[in-house]
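K.L.:
Next up is a structure, given as structure tokens.
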Amino acid sequence: MNEIVKPNLSNFIKSLRDFGYNFQIALADIIDNSVAAESKNILIETELDPSIKLSILDDGFGMTKQELIEAMRLGSKNPDDERETKDLGRFGLGLKTASFSQCKRLTVISKKEGRIVCRRWDLDLIVEKNEWLLITPNLNEFENMNLFEKLTCQKSGTLVIWDKIDTIQKNNYYEEVNLLRNHLALVFHRFLEGNINGSKFLLALNNNRIEGFNPFNENNLATQILPNQIVKIDNEQIKITPYILPHHSKLSSLEYDKYETSEGYTKSQGFYLYRNGRLLIHGTWWGLNKITDAHRLIRIRVDISNNQDSIWNIDVKKSIAYPNPLIKTELKKILDNILNRGQNVYTRRPQILKDKNIVPFWNTAHTNEGIQFRLNKVHPILKSLKDKIDNEQNFILDTYLRGIEAYIPITSLEAYIITEPQKINQKKLISLEEKKELLLRLMNIGLSKEQADELLKTEMFKEVRED
């Protein structure tokens, strides 16, 4: 005899809400539905008082009553079914699991063929009644809502409302909204830039348009865009486009900071996986390479279609993917040359110019002990000083200078060159006016014309001479 055993809905819902979404990933999952509906405008509005609330309106196809009821069903799609090219979903869970991960009440209002329909899941009510009760709210409830008014004026579209949001604290609200803006700018940048044929849309958050953030800095002439490579696995094509970002010396401070992102260059290196133009994950080597500062300028775009989920092991959240062994083998073959080129850009050394018209403060010596940086002992300023002091004072000065040579803060320099190279600016320690004043004082203490000419050849006073 068979028995029907219903799940404990209270426990089931707790598990359903614990899919591992964060606020940003969850909302991106909702926007995927708007993209699939070929929306041209997607508007997001958030509220802080009296409680945190979020609404997303698109102008896509919209849904009829039956289509909406089916969309509210958990598992509304068979993941093995063939999908439309523009479909960014798979399991038929995204709308529900993404929403439930952030809020206890999900309302969806949709307009199609001139009719507006509305349905709601309220998790508190489901737990109370121990039944999956799909609510039909009265539309009068939304008559003072800005995005609902916009929906009524549109030909078609869908409005998704999250309330009873319990994953964000009010004191973290503005930080979460800022993180959301940055996340959406990155994840959907190719749509926002118009690089996906027929799928460009406008995305706005609280009436502020979101501009796409292209992580590859393609508009900078110093960015190296290497030739595309195609890998075929199970009759499916994987397109790989490697980028090597510019050395920091080729960037302004603003541009350097922009492409560093909040994660930093080192954590942003690696593969960027796009499915149908939508970024799924980024900043990973999938175990094919170690994260190292030498490769921090390498970012590799990987483009796949929406029927390759199984060979990439893409999860429900579309935030985790792991290529199968065949793909990893092909990716590994491509990597070696890319890694070498990227490392060469990062570790490149400025060309040492042996300009006889410049007298440097430092010289580089190649010895049996390795490379050493040594002060120029015949620098005219140092030579002039040493000529004016006795042997004991010379000994004290030499001891001090040897200490400077031996204890250059190389470790600190390396750290700052990696993390904040644009902020290092030793030359600002002495202004042009200070250099002029120093030169005048040196000449007033009895320097000969020959000595003054030598001084003008030094690095310090080169700018004075040119001025």
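K.L.:
Going by how many other beta carbons lie within 10 Å of each one, how would you line up Ile300, Ile358, fewest first?
P.N.:
Fewest to most other Cβ atoms nearby, the residues stand as Ile358, Ile300.
K.L.:
What fraction, in whole percent, of alpha-carbon pairs in region 366-416 exceed 15 Å separation?
P.N.:
Summing the P(r) of region 366-416 above 15 Å gives 59 percent of all pairs.
K.L.:
So for each of 241-251, 157-167, 394-404, 376-386 I average, over its residues, the number of other beta carbons within 10 Å; can you give me the resulting order with the highest mean first?
P.N.:
157-167, 241-251, 376-386, 394-404
K.L.:
Based on other C-beta atoms within 10 Å, arrange Cys103, Cys118, Cys153 from fewest to most.
P.N.:
Cys153, Cys118, Cys103
K.L.:
Now a separate question. Short version: ³J(HN,Hα) in whole Hz for each residue of region 28-44, in order, from phi by Karplus 6.51 cos²θ - 1.76 cosθ + 1.60 (θ = phi - 60°), x for Gly and Pro, what are they?
P.N.:
4, 5, 5, 5, 4, 5, 5, 5, 4, 8, 6, 5, 9, 9, 10, 10, 10
K.L.:
Students often check this: by mean Cβ neighbours within 10 Å, which of 316-329, 133-146 ranks highest, and how do the rest follow?
P.N.:
The peptides rank, most packed first, as 316-329, 133-146.
K.L.:
Hey, another quick one. Which log10 I(q)/I(0) values, to two decimals, does the chain give at q = 0.13 Å⁻¹ under the Debye formula with one point per Cα?
P.N.:
Log10 I(q)/I(0), no solvent term: -1.20.
K.L.:
I'd like the FRET efficiency for Lys333 and Glu369, computed as 1/(1 + (r/R0)^6) with the beta carbon distance as r and R0 of 51 Å, rounded to 0.05.
P.N.:
0.80
K.L.:
Can you run phi through the Karplus equation (6.51, -1.76, 1.60; θ = phi - 60°) for region 373-378 and list ³J(HN,Hα) in whole Hz, with x for Gly and Pro?
P.N.:
9, 10, 5, 6, 6, 10
K.L.:
Once phi is turned into θ = phi - 60°, what whole-Hz ³J(HN,Hα) does the Karplus curve with 6.51, -1.76 and 1.60 give for every residue of region 126-133, x standing for Gly and Pro?
P.N.:
So the J values, rounded to whole Hz, are 4, 5, 5, 8, 6, 9, 7, 9.
K.L.:
From zero outward in steps of 10 Å, how is the percent of C-alpha pairs of region 9-209 spread across the bins?
P.N.:
Result returned by the calculation: 8, 36, 40, 15, 1.
K.L.:
May I ask for the net charge around Pro242, where only other residues with Cβ less than 15 Å from the Cβ of Pro242 are counted and Lys, Arg are +1 while Asp, Glu are -1?
P.N.:
Residues near Pro242 contribute +3 overall.
K.L.:
Report, to two decimal places, the Cα Rg of region 112-155 normalised by 2.2 N^0.38 Å (N = number of residues).
P.N.:
In units of the globular-protein estimate, region 112-155 measures up at 1.44.
K.L.:
Also, I was wondering about something else. In what sequence, highest mean first, do 199-208, 123-132 appear when ranked by Cβ atoms within 10 angstrom?
P.N.:
199-208, 123-132
K.L.:
Percent relative contact order of region 208-364, based on C-alpha pairs within less than 8 angstrom and at least six residues apart?
P.N.:
21
K.L.:
Shifting gears a bit: Give the long-range amide H neighbours of Leu202: residues separated by 5 or more places, or on another chain, with amide H under 5 Å away, using H modelled in the peptide plane at 1.01 Å from N.
P.N.:
Here Asn41, Ile42 satisfy the definition.
Since every read-out is calculated from the coordinates, none of them should be taken as a lab result. Predicted model only: the values in this text are computed from it and were never measured. Backbone-built Cβ (ideal geometry, glycine too); neighbour counts: all protein chains shown.
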